[in-house]
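Read the figures in this text as sums done on the coordinates, not as results from a lab. No experiment lies behind these values; they were computed from the predicted model shown.
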């Protein structure tokens, strides 16, 4: 018997920040969970962005975090940039976020 959750489409995730932490921790973790799918990557460094898009096999790549957050093909975002960049982030929260 399948659970109701297994019939749901996977959560489409974007990662903002394509550095080593994403590569070693976030991406492998996403790939372990069948309820999640890495859909997009976002990074300010064009060379790293292109490299990760190819390595991770994602369809969407963004240089602008706001575009990644606003993309209709993204359900959730992992912010994996250095901690000091998180405070006062201009990125809008997802419209469906619950508190």
Quote to one decimal, in nm, the extra length available between residue 51 and residue 7 on full extension: 0.36 nm per residue of separation minus the C-alpha distance between them. 12.6 nm
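Find how much the distance from residue 70 to residue 44 grows on full extension, using 0.36 nm per residue of separation minus their present alpha carbon separation; answer in nm with one decimal. Kindly include the intermediate steps, with their values, before the conclusion.
Working: separation 26, 0.36 × 26 = 9.36 nm, distance 1.67 nm.
7.7 nm is the gain from fully extending residue 70 to residue 44.
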